[in-house]
Amino acid sequence: MTTTLPMPQLSIVVVTYNSTGHVDECLRSLVANRPAVDHEIVVVDNASADGTAAAVRARWNGVRVIEAGANLGFARANNLGIQQTFGELILLLNPDTSVPAGAVDSLVAALDARPDAAIVGPRLVNADGRAELSFGSMISPLAELRQKLLVRGSGHSGPIATYVESITRHERDVDWVSGACLLVRRADAEAVGLMDERFFMYTEDVDFCAAVRARGRHVVFWPAAEVIHLRGQSRATASAAAHRAYRRSHIAFYEKHHPGWARWLRWYLKIKGDLPDNRSSHE
């Protein structure tokens, strides 16, 4: 007689790339503060040179590791994780996050309470508890300017930081939530063809949310769930190649969503000396 194991309700997908410096804390938080919902944890490693995949296998027996074999980028690696997991809900999670007790279950409860919603994201804070602006309006020149001003101002004491602290305390429907921690229904993710793989790194979360909203579904910012995001560490280890990947994704986003603005963006970046070349994003 064959016994069929029940499928987990939730699949947690963590994409890593040279992440030994912080993925342990992410996995420790998930194991120590286990979500009540039945779940699986999968790490997709983008050919890390620092032994991330081997380290995760050695330290975390309950975590499944998928080796991508190359640096596929964030969108494609997440898609690989989604395609090789089974939960009806999918939590995309950065390796530089730490998930407190109850946070994942709060996100799941938020989707359960909103059948019209496909995606929900938590309130992200840094190690000091300062709020990160982890949602926003659809990317456009004006929306980008506003977002940058708020993000920069939120890093210092003052009226902007107070404003960001205030707006991140209230539940709301938004255009996008950060892919650093994003819970999505598998049915909705599959309906839009998963993440657009032209975005190697950055803007893939905004595009993904836009595709979901185009089907009449909602994206929800849910501050009742709070997740720590060590974004400063990510910035500190950012490379010139990562910056070029960001600019390529930036241009690709405008070519897809605002083609009339794309040539002006290219012109602006060329004047700044910041126009990326055509070399591979994962050089």
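The values are calculated or read from the model by the stated rules, or taken from the named source; none is laboratory data. None of these values were measured; they are calculated from a predicted model. No Cβ is skipped: glycine too gets one built from the backbone with ideal geometry, and neighbour counts run over all protein chains shown. Surface accessibility is based on the protein's heavy atoms, side chains included, excluding ligands, DNA and RNA. Shrake-Rupley method; radii C 1.70, N 1.55, O 1.52, S 1.80 Å.
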Practice problem: Rounded to the nearest 500, what is the 222 nm mean residue ellipticity of the chain from helices alone, with -39500 (n - 2.57) per DSSP H run of 4+ residues and division by all residues? | Solution: -12500 deg cm²/dmol
Practice problem: State the percentage of accessible surface on segment 1-117 attributable to carbon and sulfur atoms; use a 1.4 Å probe and exclude ligands, DNA and RNA. | Solution: 53 percent
Self-check item: Overall form of segment 21-98 per C-alpha gyration tensor (a/c, 1.5; a/b vs b/c)
Solution: oblate
Quiz item: Under a point spin-label approximation (7 Å from Cα along Cα-to-Cβ), what is the Arg34-Arg172 distance to one decimal in nm?
Solution: 3.8 nm
Exercise. State, to one decimal in nm², a quarter of the convex hull surface area for the C-alpha atoms of segment 40-192, i.e. the direction-averaged projected area.
Key: 10.8 nm²
Quiz item: What is the diffusion coefficient of segment 179-219 in µm²/s, taking the Kirkwood radius over Cα pairs and the Stokes-Einstein relation at 10 °C with a viscosity of 1.306 mPa s?
Solution: 152 µm²/s
Quiz prompt | Stokes-Einstein diffusion coefficient of the chain, Kirkwood radius over Cα pairs, 4 °C, 1.567 mPa s, in µm²/s | solution = 67 µm²/s
Quiz item: So how strong a dipole does the chain carry about its Cα centre when Lys and Arg Cβ are +1 and Asp and Glu Cβ are -1, to the nearest 20 debye?
Solution: 800 debye
Practice problem: Find how much the distance from Glu190 to Glu255 grows on full extension, using 0.36 nm per residue of separation minus their present alpha carbon separation; answer in nm with one decimal. | Solution: 21.1 nm
Quiz item: segment 127-194: D in µm²/s via Stokes-Einstein (Kirkwood Rh, Cα pairs, 4 °C, 1.567 mPa s)?
Solution: 95 µm²/s
Quiz item: Over the Cα atoms of segment 169-279, what is the Rg over Rh ratio if Rh follows Kirkwood?
Solution: 1.00
Self-check item: Coarse-grained scattering of segment 56-119 at q = 0.12, 0.29 Å⁻¹, given as base-10 log I(q)/I(0) from a Debye sum over alpha-carbon atoms
Solution: -0.42, -1.34
Quiz item: Just the accessible area per residue of segment 107-196, please: how many Å² with a 1.4 Å probe?
Solution: 44 Å²
Quiz item: So, in Å, what gap is there between the alpha-carbon centers of segment 21-39 and segment 157-191?
Solution: 21 Å
Practice problem: Quote the charge dipole size of segment 129-257 about the Cα centre in Debye, to the nearest 20; the model charges only the Cβ of Lys and Arg (+1) and of Asp and Glu (-1). | Solution: 300 debye
Quiz item: Across segment 93-163, how large is the tail of the calculated P(r) beyond 20 Å, expressed as a percent of all Cα pairs?
Solution: 46 percent
Exercise. Determine, for each peptide in 62-73, 112-123, 146-157, 194-205, the mean count of other beta carbons within 10 angstrom over its residues, then list the peptides with the highest first.
Key: 194-205, 112-123, 62-73, 146-157
Quiz item: So if we plug the beta-carbon distance of Gln84 and Asp105 into 1/(1 + (r/R0)^6) with R0 = 25 Å, what FRET efficiency do we get, rounded to 0.05?
Solution: 0.55
